[in-house]
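Engineer: Structure provided below as structure tokens; questions to follow.
Coordinate-derived values only; no laboratory data. From a predicted model like this one, the values you see are computed outputs, not experimental measurements. Here the Cβ positions follow ideal geometry from the backbone for every residue, glycine too, while neighbour counts run over all protein chains shown.
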Amino acid sequence: MNTFRVPDNPQHVEEVPTPVEAPVTPPRKSGKVAKSFRTVLSGEFLTRDGLINHLPFIGFIAILFIINIALMYYFENTHRDIVRQQNRLKEIRSEYNTTLSTLETRKQQSSVARDIEALGLKELRTPPQFIDVEPGFFEVEK
């Protein structure tokens, strides 16, 4: 409730000058990100009890990171092995095709005839003749 009174003597009224107030700027409020960044840089977060309560979870996350890194190394090495084996397979396949081609040319009749002439054998120019033998001709009597 307002307690202002009007003075009884209107001639003797004192006017009180109202003070001129300078505009007050509110203090800057820093955001959560700025506070978190400041606590990390200053190292305050290491002294809190909450960190100790969260140590098992932080350890679990660290183990997951280590496993992730190990798996990446494993998969990269496996991929290199697969590429190396594919290249080896291509090389063996081309060697197989070369050997097969060489074998095909060597087993042709003209090549065989040329190779056996070096041994002193001649190729037959007449077809073979069949000799008919009676059954039991080769059996030996005792």
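Engineer: Hey, what does the equivalent ellipsoid look like for the range 44-142, semi-axes from the Cα gyration tensor as sqrt of 5 times each eigenvalue, largest first, whole Å?
Structural biologist: Equivalent-ellipsoid dimensions as semi-axes: 81, 23, 8 Å.
Engineer: Let me ask another. Could you give the nm distance between label points at L51 and I66, where each point is 7 Å from its Cα heading toward the beta carbon?
Structural biologist: 2.0
Engineer: Taking a label point 7 Å from the Cα of Q109 along the Cα→Cβ vector, which residues of the range 117-142 have an amide N closer than 13 Å to it?
Structural biologist: Under cut-off, by backbone N: 123-128.
Engineer: Continuing with the same structure: How far, in nm, would the chain grow between I58 and L100 when pulled straight, counting 0.36 nm per residue and subtracting the alpha carbon separation?
Structural biologist: Between I58 and L100, full extension yields an extra 8.9 nm.
Engineer: Sort 130-140, 78-88 by packing, meaning the average of other beta carbons within 10 Å per residue, with the highest value first.
Structural biologist: Ranked from most to least packed, the peptides come out as 78-88, 130-140.
Engineer: So for L51, L124, fewest C-beta neighbours within 10 Å to most, what's the order?
Structural biologist: Exposure proxy ranking, most exposed first: L124, L51.
Engineer: Moving to a separate point now. In nm, what is the difference between 0.36 nm times the number of residues separating T78 and A34 and their Cα-Cα distance?
Structural biologist: Additional length available on full extension: 11.4 nm.
Engineer: Moving to a separate point now. Sort T18, T39, T105 so that the residue with the fewest other Cβ atoms within 10 Å of its own Cβ comes first and the one with the most comes last.
Structural biologist: T18, T105, T39
Engineer: Also, quick follow-up: Positive end of the charge dipole of the range 59-132 (Lys, Arg +1 and Asp, Glu -1 on Cβ, about the Cα centre): tell me which of L103, L121, N87 has its Cα farthest that way.
Structural biologist: Checking the options against the dipole of the range 59-132, the answer is N87.
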